[in-house]
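Q: Have a look at this one.
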Amino acid sequence: MSFYVTTPIYYVNAQPHLGHAYTTIAADILARHRRQRGEEVFFLTGTDEHGEPVAQVAEREGVSPAELADRNVVHFKRMVEALNCTNDFFIRTTDSEHEAGVQRFMQGLYDRGEIYEGTYEGWYCPNCADFKTDQEILDGNLCPIHRIPLEWVKEDNYFFKLSAYQERLERLYAERPGFIAPGIRYNEALSFITGGLQDVSVSRPNLEWGVTVPWDTNQVFYVWFDALLNYYTALEYGTGEDVRDRFWPPDVQIIGKDILKFHAVFWPAMLMAGELELPEQIFIHGFLLMQGEKMSKTLGNVLDPFLVIDLFGVDALRYYCFREVSFGQDGSISTEGFEARYNTELANDYGNLASRTIAMIDRYRGGTVPEAAPPAELMEDFAGLRETVAAHLDKVELSFALEEIWKRVRRLNQFVEQRAPWNLAKDDGSAALLDETLYGLAEGLRVVSVLLHAYIPDAAGKALAALGVAPADAPPLDDVEFGARPGGSEVERIPPLFPRIEAIETAPSQTGAG
């Protein structure tokens, strides 16, 4: 089986912030989990480098758009690497192969009569690079996302016949209610469609920074029609071979709610027009909020993911994002929240469980996991865990899946206190019960670590290695059933997986980005 997951591609008009990290980690968790299931995975992320937002920033900074893109893309690639993400390709929309792919696709639409010449007149947000309908305008003349005055634009350009796809889009939504998730975003997108679709501009006549329209070299493609096609063009050249037949269509496309219209309306209509299969699901997550506002380049108020990683480590960042905020919803975050989750859950619950388990096996059984039957109460608690976690992740319910795993982490800590191995070790008559207890802890730690590997790969990998489990980039889920691995493995003590952090004296610096 194959699995294709994408993030949106990120504007290079500023450096990355935690919102970008959030989306990218989410896709990586799904990619890692699917590899654990033995599936062939293609995970795509990258940067959106054309369009007016990039050109405007470049002009203000006195550099060319290409220079700005080359300078800032380094930070996005560094972010993906720092987040320990396993993307198979990092696409840039300035890649010559991508530009050629956009031209081929759009030329095909033009040749089939899906695109025509006309005049656009209406409101435009340069920060969104988006033409706004009357329903999208806030307080008379403001962008609802960036809260800046819109610009009135009148220009001759080319239009895509979006209105011709209204009925097909309505039918798509009726027949595939899971196409857009969660439900609140499905309703929002459907409301936009049923409110009446208008044809949309696909080109700009007054910009030089973009993909040239092949049938009219005086224009460039509107940035969103260039950007959306990255999901398709990447498969043509990203691995050095054309893998569209193996991975198209995408299984899950993860985006933020501020770009819902483009992905939930424009994108499926474009694919219908191009006679291509549609994605299986587009999952639209909410915003990470600080002080009640979305993280934004325009609004500022941004936590730098690099500084968060410096303070807490990458696993703590990956964990916190999906523990503190239910994925799909808006949620508030804070440096205090990072600290609390880190100390109480990562350091105490999981890190301490790993240290205690391995230390007790080393002390009481000479470093060898004892041969014993699995404790009946733990067998019951762990029954069906793998299937439950997989079912949640199939629905992109990352936070629910993580909670199911963490219930077992807490249960194992409770089991330690109930069995008190340090007391059993003092009684020769309790040797068999001590063997069962230590085996149950080792096996429970192994199971939760395999399942946590998609979320916190470094720490989970260290725990597994300490238990004598052979290291693997994607430890398979086939043998994750509790009691499936016999005793006899040698353990090795390890330093604390999450050294305690008592306080954060200064919060990570915040920079304007969005």
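Q: For region 365-425, which helices (runs of 4 or more DSSP H) that fit wholly inside it have 2 or more residues that are surrounded by fewer than 18 Cβ atoms within 10 Å (Cβ to Cβ) and among the basic types (Lys, Arg)? Break it down stepwise before answering.
A: Working: elements: 376-382, 385-394, 398-419, 421-424.
Those helices (runs of 4 or more DSSP H) span 398-419.
Quick grid of which residues meet (1) among the polar types (S, T, N, Q); (2) part of a strand (DSSP E or B); (3) surrounded by 24 or more Cβ atoms within 10 Å (Cβ to Cβ); (4) without any contact (Cβ under 8 Å) to a residue 12 or more places away in the chain:
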{"position": "Phe3", "(1), (2), (3), (4)": "no, yes, no, no"}
{"position": "His20", "(1), (2), (3), (4)": "no, no, yes, no"}
{"position": "Thr23", "(1), (2), (3), (4)": "yes, no, no, no"}
{"position": "Arg32", "(1), (2), (3), (4)": "no, no, no, no"}
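Q: Could you please give the count of residues in region 217-231 that are in a loop (DSSP other than H, G, I, E, B) and more than 13 Å from Arg104 (Cα to Cα)?
A: 4
Q: Given the criterion more than 16 Å from Glu371 (Cα to Cα) and modelled with pLDDT of 95 or more, identify the matching residue among Val450, Val491. Outline the logic, then answer.
A: On the way: Val491 fails: more than 16 Å from Glu371 (Cα to Cα).
The unique qualifying residue is Val450.
Q: From the list Ala432, Ala470, Ala474, exactly one residue is at pLDDT below 95, surrounded by fewer than 23 Cβ atoms within 10 Å (Cβ to Cβ) and farther than 22 Å from Thr388 by Cβ. Which is it?
A: Testing whether each residue is at pLDDT below 95, surrounded by fewer than 23 Cβ atoms within 10 Å (Cβ to Cβ) and farther than 22 Å from Thr388 by Cβ leaves just Ala470.
Q: Okay, next question. For region 113-158, which positions are of a type in the set (Asp, Glu) and buried (at least 17 other Cβ atoms within 10 Å of the Cβ)? Explain how you work it out, then say what you get.
A: So the first thing to find is which residues in region 113-158 are of a type in the set (Asp, Glu), and the list is 114, 117, 121, 130, 134, 136, 139, 151, 155-156.
Across region 113-158, the qualifying residues are Glu114, Asp130, Glu136.
Q: Identify, by number, the condition in (1) within 20 Å of Tyr124 (Cβ to Cβ); (2) touching a residue at least 12 places away in the same chain (Cβ under 8 Å); (3) among the hydrophobic types (A, V, I, L, M, F, W, C) that Leu138 doesn't meet.
A: Among (1) within 20 Å of Tyr124 (Cβ to Cβ); (2) touching a residue at least 12 places away in the same chain (Cβ under 8 Å); (3) among the hydrophobic types (A, V, I, L, M, F, W, C), the lone unmet condition for Leu138 is (2).
Q: Something else: Select from region 234-248 the residues that are outside any loop (DSSP other than H, G, I, E, B) and in contact (Cβ under 8 Å) with a residue 60 or more places away in the chain and list them in ascending order. Steps first, please.
A: Step one: of region 234-248, the residues outside any loop (DSSP other than H, G, I, E, B) are 234-237, 244-247.
Hits for region 234-248 are Ala234, Leu235, Glu236, Tyr237, Arg246, Phe247.
Q: Let me ask something else. Mind telling me which of the residues Pro249, Pro205, Pro214 ends up being assigned by TED's automatic domain parsing to the domain that holds Thr94 and within 22 Å of the chain's Cα centre (by Cα)?
A: Numbers: Pro205 fails: within 22 Å of the chain's Cα centre (by Cα); Pro214 fails: within 22 Å of the chain's Cα centre (by Cα).
Being assigned by TED's automatic domain parsing to the domain that holds Thr94 and within 22 Å of the chain's Cα centre (by Cα) holds for just one of Pro249, Pro205, Pro214, which is Pro249.
Q: Of the residues that make up region 71-78, is at least one part of a loop (DSSP other than H, G, I, E, B), at pLDDT 95 or above, under 27 Å from His285 (Cα atoms) and over 15 Å from the mean Cα position of the chain (by Cα)?
A: No, every residue in region 71-78 fails to be part of a loop (DSSP other than H, G, I, E, B), at pLDDT 95 or above, under 27 Å from His285 (Cα atoms) and over 15 Å from the mean Cα position of the chain (by Cα).
Q: Quick one: is Tyr342 in a helix (DSSP H, G or I), among the aromatic types (Phe, Trp, Tyr) and at pLDDT 95 or above?
A: It is false that Tyr342 is in a helix (DSSP H, G or I), among the aromatic types (Phe, Trp, Tyr) and at pLDDT 95 or above.
Q: Still on this structure: Give region 180-211 a look and list any residue that's farther than 24 Å from Val223 by Cα and surrounded by 15 or more Cβ atoms within 10 Å (Cβ to Cβ), or say none.
A: Residues of region 180-211 that are farther than 24 Å from Val223 by Cα, as a first pass: 181-184, 186-187, 191, 194-195.
The answer is Ala181, Pro182, Tyr186.
Q: Restricting the search to region 368-394, which residues are of a type in the set (Asp, Glu) and under 35 Å from the mean Cα position of the chain (by Cα)? So that I can check it myself, show each step before the final result.
A: We begin by selecting, within region 368-394, every residue of a type in the set (Asp, Glu); these are 371, 377, 380-381, 387, 394.
Hits for region 368-394 are Glu380, Asp381, Glu387, Asp394.
Q: Which count do you get for residues in region 169-179 that are buried (at least 19 other Cβ atoms within 10 Å of the Cβ) and of a type in the set (D, E, K, R)?
A: Within region 169-179, residues that are buried (at least 19 other Cβ atoms within 10 Å of the Cβ) and of a type in the set (D, E, K, R) number 0.
Q: Now for a different question. If Pro214 satisfies all but one of (1) touching a Gly at 6+ places or on another chain (Cβ under 8 Å); (2) surrounded by fewer than 22 Cβ atoms within 10 Å (Cβ to Cβ); (3) part of a loop (DSSP other than H, G, I, E, B); (4) modelled with pLDDT of 95 or more, what's the number of the condition it fails?
A: (1)
Here's the yes/no breakdown for (1) modelled with pLDDT of 95 or more; (2) within 18 Å of Ala463 (Cα to Cα):
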position	(1), (2)
Ile284	yes, no
Phe306	no, no
Val325	no, no
Asp330	no, no
Ile361	yes, yes
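Q: While we're on this one: Being in contact with a helix residue (DSSP H, G or I) (Cβ under 6 Å, 6 or more places away or on another chain) and farther than 16 Å from Leu229 by Cα is the filter here, so list the residues in region 240-285 that pass it.
A: Passing the criteria: only Ile284.
Q: Restricting attention to region 50-69, does a residue exist that is of a type in the set (S, T, N, Q), farther than 18 Å from Phe247 by Cα, assigned by TED's automatic domain parsing to the domain that holds Thr217 and surrounded by fewer than 22 Cβ atoms within 10 Å (Cβ to Cβ)?
A: Of the residues in region 50-69, the ones of a type in the set (S, T, N, Q) are 56, 64.
If we keep only those that are farther than 18 Å from Phe247 by Cα as well, we get 56, 64.
With the extra rule that they be assigned by TED's automatic domain parsing to the domain that holds Thr217, the set shrinks to 56, 64.
So of that shortlist, the ones also surrounded by fewer than 22 Cβ atoms within 10 Å (Cβ to Cβ) come out as 56, 64.
Checking region 50-69: at least one residue is of a type in the set (S, T, N, Q), farther than 18 Å from Phe247 by Cα, assigned by TED's automatic domain parsing to the domain that holds Thr217 and surrounded by fewer than 22 Cβ atoms within 10 Å (Cβ to Cβ).
The values are calculated or read from the model by the stated rules, or taken from the named source; none is laboratory data. Predicted model, so just to flag it, every value in this text is computed and none were measured. Note that we place each Cβ from the backbone using ideal geometry, even for glycine, and neighbour counts take in every protein chain shown.
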